[in-house]
Amino acid sequence: MKTNETKQEKVLVKTSLTPVALSINERLIAIQTELKVPKGNYNSFGKYKYRSAEDILESVKPLLNKYELALLLTDEVVIYGNKLFIKSTANISTNCNSISVNGFAEMSEHKGMSSEQCTGTASSYARKYALNGLFLIDETESDADHDNKKEIPKKPILKADTDKFEEAVKYLTTGGSIDAIKAKYDVSQEVETKLIKSI
């Protein structure tokens, strides 16, 4: 007796929904998933890379066009307590629906900057924060694109019976503190005990 075996194959079917067929939430999720914004600027003073609101806008414009969404950025000055802030709103919309996210930055005086420059700086930061929130751009250290973290130089290890150890003993005998030595060197408990006994 013969049996007919049938093979079942999984076939992935890609549907081609037009952006209009997607809800505004589905369009936003698609943009959040596809958006890549490299950190294209470098701060030579702080020695780190960063992305600006302009970088985000440059990267998101083609996706907004693809998913037929409009983006509008607005700013307003708000007062909290006795401080002035710029409140920026990033709003994406279709003909019928919209989604908005706010970002805030304090307006404060900076040495060597005019009041207009201070306002512009606060506006740039607030807009960046609003765009980060809307498009889920992570600025924290878990962000794969995040390289703002400066390497903290490791302290040299202070070893017993070395020239540096003798200098540390001399420093302690002239009134120096063990805390100052520990701030400069990685000091094991054993070496610390030896230092204290050497005084």
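The values are calculated or read from the model by the stated rules, or taken from the named source; none is laboratory data. Everything quoted here is computed from the prediction, not taken from an experiment. Cβ coordinates were reconstructed from backbone atoms using ideal geometry, including for glycine residues, and neighbour counts include every protein chain displayed.
Suppose we keep only residues that are in contact with a helix residue (DSSP H, G or I) (Cβ under 7 Å, 6 or more places away or on another chain) and in a helix (DSSP H, G or I) within the stretch 176-190. Which one would you say is farthest from LYS164 (Cα to Cα)?
Step one: of the stretch 176-190, the residues in contact with a helix residue (DSSP H, G or I) (Cβ under 7 Å, 6 or more places away or on another chain) are 178, 181, 187.
After this cut, where a residue has to be in a helix (DSSP H, G or I) as well, the list is 178, 181.
Details: ILE178: 14, ILE181: 10 Å.
Only one residue tops the list, namely ILE178.
May I ask you to list pairs of residues, at least six apart or on different chains, whose Cβ atoms are under 8 Å apart, with the first in the stretch 155-182 being exposed (fewer than 11 other Cβ atoms within 10 Å of the Cβ) and the second being hydroxyl-bearing (Ser, Thr, Tyr) and in a loop (DSSP other than H, G, I, E, B)?
PRO156/TYR185
Quick one: is LYS61 exposed (fewer than 15 other Cβ atoms within 10 Å of the Cβ) and farther than 19 Å from GLU139 by Cα? Before the answer, list the steps.
On the way: exposed (fewer than 15 other Cβ atoms within 10 Å of the Cβ): yes; farther than 19 Å from GLU139 by Cα: yes.
Yes; evaluated as a whole, the condition is true for this residue.
Can we say LEU136 is among the hydrophobic types (A, V, I, L, M, F, W, C) and at pLDDT below 95?
Numbers: among the hydrophobic types (A, V, I, L, M, F, W, C): yes; at pLDDT below 95: yes.
So LEU136 fits the description; yes.
Mind telling me which of the residues TYR80, TYR42 ends up being surrounded by fewer than 16 Cβ atoms within 10 Å (Cβ to Cβ), of a type in the set (Ser, Thr, Tyr), closer than 25 Å to MET107 by Cβ and without any contact (Cβ under 8 Å) to a residue 60 or more places away in the chain? Break it down into steps so the answer makes sense when it comes.
Numbers: TYR42 fails: closer than 25 Å to MET107 by Cβ.
Matching residue, one of TYR80, TYR42: TYR80.
Just a yes or no: is a residue in the stretch 98-105 in contact with a Lys or Arg (Cβ under 9 Å, 6 or more places away or on another chain), among the small types (Gly, Ala, Ser) and at pLDDT 90 or above?
Narrowing the stretch 98-105 to residues in contact with a Lys or Arg (Cβ under 9 Å, 6 or more places away or on another chain): 102-105.
Restricting the remaining residues to those that are among the small types (Gly, Ala, Ser) gives 103, 105.
With at pLDDT 90 or above added as a condition, the list becomes 103, 105.
Within the stretch 98-105, one or more residues are in contact with a Lys or Arg (Cβ under 9 Å, 6 or more places away or on another chain), among the small types (Gly, Ala, Ser) and at pLDDT 90 or above.
Restricting to the stretch 68-95, give me the number of residues that are basic (Lys, Arg) and at pLDDT 95 or above.
Narrowing the stretch 68-95 to residues basic (Lys, Arg): 83, 87.
Restricting the remaining residues to those that are at pLDDT 95 or above gives 87.
Here the count works out to 1.
Do we find that ILE24 is free of Cβ contacts under 8 Å to residues at least 40 places away in the same chain and not polar (S, T, N, Q) in this structure? Quick ask: steps written out before the conclusion?
Details: free of Cβ contacts under 8 Å to residues at least 40 places away in the same chain: no; not polar (S, T, N, Q): yes.
For ILE24, the condition - free of Cβ contacts under 8 Å to residues at least 40 places away in the same chain and not polar (S, T, N, Q) - is not met.
With the condition being touching an Asp or Glu at 6+ places or on another chain (Cβ under 6 Å) and not hydrophobic (A, V, I, L, M, F, W, C), I'd like the strands (runs of 3 or more DSSP E) fully within the stretch 41-112 carrying at least 2 qualifying residues. Explain how you work it out, then say what you get.
Details: elements: 41-43, 48-50, 70-80, 83-93, 98-106.
Output list reads 83-93.
For the stretch 1-41: of the residues being closer than 29 Å to ILE92 by Cα and among the hydroxyl-bearing types (Ser, Thr, Tyr), which is modelled with the lowest pLDDT?
Residues of the stretch 1-41 that are closer than 29 Å to ILE92 by Cα, as a first pass: 14-41.
From what's left, among the hydroxyl-bearing types (Ser, Thr, Tyr): 15-16, 18, 23, 33.
Working: THR15: 42, SER16: 54, THR18: 73, SER23: 92, THR33: 95.
Per the criteria, the residue is THR15.
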